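Asks: Encoded as structure tokens, here's the structure I'll be asking about.
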Amino acid sequence: MDNPYAPIEARILDVADENSAIKTLVLKPDQPLVFEPGQFVMVGMPGVGESPFGVSSSCFDKDSFAVSVQVQPHGKNTMALHEAKPGQTALVRGPFGNCYPMDYFKGREVYVVGGGVGMAPMRAVLLALLHEADQYKKIVLRYGARNPELRMYKDLCLSWETDPRIDVTYTVDVADESWRHNVGVVTSIMREDDIEDVPNAVAVGCGPPIMLRFMVPLLLKMGFKPEHMYFSMEKNMSCGMGMCGHCRIGNYYVCKDGPVFTYDQIRDFPDAWT
Ligand code: FES
């Protein structure tokens with residue numbers, strides 16, 4: 001995008017319910033939107049506003065992209081996006097922010113941990129990994145949600161259960177009678193023998209701060225290096241362009257310097273973990 005302030009039009013191709021609070025919108029922009037896993041876009045309905053969303057689709061899909069929208073109480077734009085129908089036009093700016101160093105991940109075991117709506121950017125990472133699965137030594141997903149209904153990408157997660165290219169384990173905090181997997185927080189499904197060559201492996205995570213707080217010591221105990229632990233940080237973003245200061249973590253702006261940070265970069269900033 002030449003002018004980062006000027007939105008482009010994007011036709012809504014699909015709106016899918018993930019759960020009672022989240023819908024995934026697939027959009028076809030008027031101009032090609034080239035992004036990398038981890039980056040975010042500003043999406044809004046005309047005349048309503050715009051909000052930042054991590055792209056949740058594969059960077060190898062060149063015609064369209066997807067964002068998963070959690071409706072916010074009093075959030076006019078997220079409500080308008082939830083009410084949008086295929087065929088309508090949304091406005092898009094971006095992509096913004098940095099991305100995961102996928103080339104650096106090549107040849108390594110990649111340990112992806114997602115929690116709650118944090119699965120959205122993780123989905124973009126996983127789809128990119130699986131697109132070139134033979135380039136990575138191992139692809140692991142550990143995904144936790146509060147309950148079975150709140151899980152995102154249910155069909156995709158189901159297909160991964162039988163996909164030999166990826167090692168998945170799912171958990172929920174509170175199960176129902178339909179649940180066939182683990183019950184407990186996401187750290188309860190992270191085990192030291194998940195990874196064989198941990199000094200060279202990389203961990204990738206996104207989820208609520210409380211989850212990251214518990215996940216970090218476990219990743220360190222497993223033997224991951226601080227500079228090999230990558231997190232998509234979710235802070236209240238507003239302008240998305242380093243202007244408003246809403247998204248500070250220590251010396252960083254999440255929107256400009258992130259949203260992807262290594263643990264090494266942010267370990268000493270308390271506001272990263274609250
Ligand atoms: S969202 Fe405004 S500075 Fe980051």
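Asks: Hey, got the dipole for the range 200-274? About the Cα centre, +1 on K and R Cβ, -1 on D and E Cβ, debye to the nearest 20?
Replies: Dipole of the range 200-274, to the nearest 20 debye: 100 debye.
Asks: Right, next: Ignoring ligands, DNA and RNA, please state the percent of accessible area on the chain from carbon and sulfur, probe 1.4 Å.
Replies: Using a 1.4 Å probe with all protein chains present, the chain comes out at 50 percent carbon and sulfur.
Asks: Here is a follow-up. What does the charge add up to near Met229, with Lys and Arg as +1, Asp and Glu as -1, over the other residues with Cβ less than 10 Å from its Cβ? If you can, show how the numbers build up before the last one.
Replies: Details: positive: Lys225, Arg267; negative: Glu227, Asp264.
Computed value for this residue: 0.
Asks: Say we join alpha carbon atoms closer than 10 Å with springs in a Gaussian network model of the chain; which of Pro52, Pro217, Pro148 then has the biggest fluctuation?
Replies: So, out of Pro52, Pro217, Pro148, the one fluctuating most is Pro217.
Asks: Could you tell me the largest-minus-smallest coordinate of the C-alpha atoms of the range 140-193 on each of the three principal axes, in descending order and whole angstroms?
Replies: 28, 27, 16
Asks: Moving to a separate point now. Quick check: convex hull of the Cα atoms in the range 91-234, volume per residue, rounded to a whole Å³?
Replies: Values: hull volume 17.8 nm³, N = 144.
Once divided by residue count, the hull of the range 91-234 is 124 Å³.
Asks: Send over the semi-axes of the range 29-120's equivalent ellipsoid, whole angstrom and largest first, taken as the square roots of 5 times the C-alpha gyration tensor eigenvalues. Don't skip to the end; give the middle numbers.
Replies: Values: eigenvalues 138, 52, 22 Å².
Here the semi-axes work out to 26, 16, 11 Å.
Asks: With an 8 Å Cα cut-off and a minimum separation of 6 or more residues, compute the relative contact order for the chain in percent. Don't skip to the answer; put the middle values down first.
Replies: Working: 605 pairs, mean separation 46.5, N = 274.
Reported as a whole number, the value is 17 percent.
Asks: Give me Rg/Rg_expected for the chain, where Rg uses Cα atoms only and Rg_expected = 2.2 N^0.38 Å with N residues. Before the final figure, lay out each step's value.
Replies: Values: Rg = 17.9 Å, N = 274, 2.2 N^0.38 = 18.6 Å.
Output field value: 0.96.
Asks: While we're here: For the range 216-270, calculate the relative contact order in percent as a whole number, restricting contacts to Cα pairs under 8 Å that are 6 or more residues apart. Mind showing how you got there, number by number?
Replies: Numbers: 66 pairs, mean separation 21.1, N = 55.
Rounded, it is 38 percent for the range 216-270.
Asks: Placing +1 at every Lys and Arg Cβ and -1 at every Asp and Glu Cβ, with all other atoms neutral, what dipole size does the range 162-243 have around its Cα centre, in debye to the nearest 20? Numbers along the way, then the final one.
Replies: Working: 7 positive and 12 negative charges, 72 e Å.
Magnitude of the dipole: close to 340 debye.
Asks: With every protein chain left in place, what is the accessible area of Thr262 in Å² (1.4 Å probe, nearest 10)?
Replies: It works out to around 20 Å².
Asks: Now, a different point. Could you size up the charge dipole of the chain around its Cα centre, putting +1 on the beta carbon of Lys and Arg and -1 on that of Asp and Glu, and report it in debye to the nearest 20?
Replies: Numbers: 26 positive and 34 negative charges, 93 e Å.
Dipole of the chain, to the nearest 20 debye: 440 debye.
Asks: Another question, then. Whole Å is fine, so just give me how far the alpha carbon centre of the range 43-82 lies from that of the range 197-274.
Replies: 22
Asks: While we're on this one: How much accessible area per residue does the range 146-197 have, counting only protein heavy atoms and a probe of 1.4 Å, in square angstrom? Intermediate values should be presented prior to the final figure.
Replies: Working: 3090 Å² over 52 residues.
Heavy-atom accessible area per residue stands at 59 Å².
Asks: Tally Lys/Arg at +1 and Asp/Glu at -1 over every other residue whose Cβ is under 11 Å from the Cβ of Gly54; what's the total? Could the numbers behind the result be given before it?
Replies: Working: positive: Arg123; negative: Glu234.
Net of charged neighbours comes to 0.
Asks: When ligands, DNA and RNA are left out and all protein chains stay put, how many square angstrom of accessible area per residue does the range 1-141 have with a 1.4 Å probe? Spell out each step's value before the answer.
Replies: Values: 5830 Å² over 141 residues.
With all protein chains present, the range 1-141 gives 41 Å² per residue.
Asks: Positive end of the dipole of the chain, charges at C-beta (+1 Lys, Arg; -1 Asp, Glu), about the Cα centre: which of Tyr253, Tyr5, Met243 has its Cα farthest in that direction?
Replies: About the Cα centre, the residue reaching furthest to the positive side is Met243.
Asks: From the Cα gyration tensor of the range 166-274, with a ≥ b ≥ c the square roots of its eigenvalues, which class applies: rounded if a/c is under 1.5, or else prolate if a/b is larger than b/c, or else oblate? It would help to have the intermediate numbers written out before the result.
Replies: Numbers: a/c = 2.52, a/b = 1.49, b/c = 1.69.
Oblate, since a/c reaches 1.5 and b/c is not below a/b.
Asks: Just to confirm my understanding: which cysteines in the chain have no other cysteine beta carbon less than 4.7 Å from their beta carbon?
Replies: Cys59, Cys99, Cys157, Cys206, Cys247, Cys255 - these cysteines have no disulfide-compatible partner (Cβ-Cβ under 4.7 Å) in the chain.
Asks: Exactly which GluC sites (Glu not before Pro) in the range 191-274 are in a DSSP loop and have at most 15 other Cβ atoms within 10 Å? Mind dumping the intermediate values first?
Replies: Values: sites: Glu192, Glu196, Glu227, Glu234; in loops: Glu196, Glu234.
Those that pass, being in a loop and sparsely packed, are Glu196.
The values are calculated or read from the model by the stated rules, or taken from the named source; none is laboratory data. Predicted model, so just to flag it, every value in this text is computed and none were measured. Heads up, the Cβs are rebuilt from the backbone with ideal geometry, glycines too, and the neighbour counts pull from every protein chain shown. When the accessible area is computed, the model is the full protein with side chains, heavy atoms only, and any ligands, DNA or RNA have been set aside. Shrake-Rupley method; radii C 1.70, N 1.55, O 1.52, S 1.80 Å.
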